[in-house]
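The values are calculated or read from the model by the stated rules, or taken from the named source; none is laboratory data. Being a predicted model, the structure only gives us computed values, none of them experimental. Cβ sites come from the backbone with ideal geometry, for glycine too, and all protein chains shown count toward neighbours.
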Amino acid sequence: MNNKPAICLTFDLEEFDLPLEFKQEISPEKQFEVTCSGMALLLPLLEKFNVSSTFFTTANFAQNNKELVKKLVQRHEIASHSFFHSAFETGDLKRSKDLLEEITGSKVTGFRMPRMHAVDHAELLKAGYSYDSSLHPTWIPGRYNHFSKPKTIFRERGLLIFPASVTPLFRSPLFWLSFKNFSSGKYCRWTQKCLSAYGYVNIYLHPWEFADLSAYKLPGYIGKNREVMIKKLETFLSHFNGKADFISIQTLLQSKHEL
C-alpha cells in the first residue's frame, strides 16, 4: 500500500433469503440463482476498476457454488458469514471457516455475523478467527443501537474488531441502505468525511442488490432496480479511482501490522 486512504468495499455473499422476511416463498435454488445473477454484473465492475474486496461468504452458498468461490479467492479475500444466513448455532463458526478454507485453499481470518447480529468474541477466537466485522456503531431502528461503541478499529480480548463505517460526527451509516437510497453525491461526500477522519472506510453491500428483484414484493427502499445500482456503483468507483486504494480488510489490517 502507498499513502492513499483505503476503501474496504465488502460484500455479504449469501443466499438471497430476504423475501422470507416479507412472508414470500423462495426456494433454496432460487436464492442461489438470484445472488449469482447479481455477481455476474458486479464482478466485471470490480475488475474494471481493479478493486480487491472482502466477500463475507456463507458456507452454504460456498458449497453450492464452489467454482465461483474458487475464482473469487484469486483476487479477493474470502471471509466467513457463518454457515447459513438465517440459522445459527455456535458450532457454525468453526464449521464455516473449515469449509471455506477447504474450498478456497486459503486461510480464513475474518467473520461477519448475518444481519450484523452480536457474536461471542471468545467463541470467534476459539474457532480461529483474527478479526470480526459484525459491529455497526450506529442506531438502526428495530435492529440495534450501538451509539456507545467505537467507530474505528479496536481490539477486544485479543480479537480485532473492524466496525462498519459511520460518519465522524453524527454516525450516519455508510451501509447498503444508505448506498441505495441517498444520491451518489451525498454518499461520496460521506465516504470522503470518513476517509479524511480515519484514513479508511468499511462499506458493506450484497451481490443480490445488483440482480433483478422485480419478481419480489419488496419495499421501495430495498428493491431498487439493478440498472440504478450498477450505475451508482460505477459512479462511486469512478469518483474514488486514483484517490483511494480499494483493498480487502485482510490487506488493510496487515498493512497496519494488526494481523
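Overview of results
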quantity: Extreme residue, nearest to Val73 (Cα to Cα), among residues of region 234-259 that are within 18 Å of the chain's Cα centre (by Cα) and among the aromatic types (Phe, Trp, Tyr); calculated: Phe246
quantity: Some residue of region 125-138 being within 18 Å of the chain's Cα centre (by Cα), at pLDDT 95 or above, surrounded by 19 or more Cβ atoms within 10 Å (Cβ to Cβ) and not in a loop (DSSP other than H, G, I, E, B); calculated: yes
quantity: Residue match in region 139-159 (condition: of a type in the set (Val, Ile, Thr), within 19 Å of Leu9 (Cα to Cα) and buried (at least 20 other Cβ atoms within 10 Å of the Cβ)); calculated: no
quantity: Of all residues in region 7-46 being among the acidic types (Asp, Glu) and more than 18 Å from the chain's Cα centre (by Cα), the one that is nearest to Leu177 (Cα to Cα); calculated: Glu21
quantity: Only listed residue being without any contact (Cβ under 8 Å) to a residue 12 or more places away in the chain, within 30 Å of Gln31 (Cα to Cα) and of a type outside the set (Gly, Ala, Ser), chosen from Glu234, Glu227, Glu209; calculated: Glu227
